[in-house]
Amino acid sequence: MRYLYLPLIALLTASQTVAGLSLPVPAFGVNARLVAKPERRDELTALLLQNRASTLQNEPEALQFSFGPDPNDPLVVHLHERFTSRHGFDVHRDAPHLDDWREFKASDPFFVPPRFVFYDLAEGSGEVPESKGPGVFCRNVDARIRPEARGDFLEVIRGIALGSRDEELCLQYAWGEDVEVPNLFHFHEEYIIGNGGKEEL
């Protein structure tokens, strides 16, 4: 299990109709890890701020765009995005306002290729929290489990997600299964700084 901690800089569901029935469509989550070259770090931050504003203003299906630096390595930036559905992400990926991102990405700004993971958010992932700005501490987590442990794992995680609603300092506990790899789960959590065990900024 890998934990990625970040100070924040900046489960809704849609529905679709199949054969006359309205079926829930899971919200769609994206977590990313970006490792910029030192001389491109400020450029990356400015670009993400610009893309965050453009995405949330121009894409009705975009629900969240959060990012921040790793407290242990300022060159590493962690990102979380949430959309009403996979379709919303597909629209985002082709959006004209991301041309600057595509140009930046093609200019060799990273030490290693960006790592993106994609997942359908599980029922009970909760709503997107109101923006709190500085003072919010986040982490992205990956967990790969053995198939025979899946049932017990899901029971435990659903209990944790439900219990997080009663935690005063927990703003968000979103999770879901990878869209391609079975039994690989991704999480995005947000806390107000001061929660036990979380590093202070």
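The values are calculated or read from the model by the stated rules, or taken from the named source; none is laboratory data. Every value quoted in this text rests on a predicted model; they were computed, and no experiment measured them. Here the Cβ positions follow ideal geometry from the backbone for every residue, glycine too, while neighbour counts run over all protein chains shown. Just so you know, the surface numbers come from the protein's heavy atoms only, side chains and all, with ligands and any DNA or RNA stripped out. Shrake-Rupley method; radii C 1.70, N 1.55, O 1.52, S 1.80 Å.
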Reported set for the range 91-127 where residues are hydroxyl-bearing (S, T, Y), under 13 Å from A174 (Cβ atoms) and either assigned to a loop (DSSP other than H, G, I, E, B) or open to solvent by 40 Å² or more (accessible area, probe 1.4 Å) (or both) is S125
Take the conditions closer than 23 Å to Q50 by Cβ, loosely packed, with under 15 Cβ neighbours inside 10 Å and out of contact with any Cys (no Cβ under 7 Å at 6 or more places or on another chain) and apply them to E130. Does it pass?
yes
Pairs where the first residue, in the range 185-201, is part of a strand (DSSP E or B) and the second is at pLDDT below 50 and hydrophobic (A, V, I, L, M, F, W, C), C-beta under 8 Å, 6+ apart
E190/L8
The residue that is surrounded by the most Cβ atoms within 10 Å (Cβ to Cβ), considering only those in the range 63-81 that are of a type in the set (A, V, I, L, M) and farther than 15 Å from E190 by Cβ, is V77
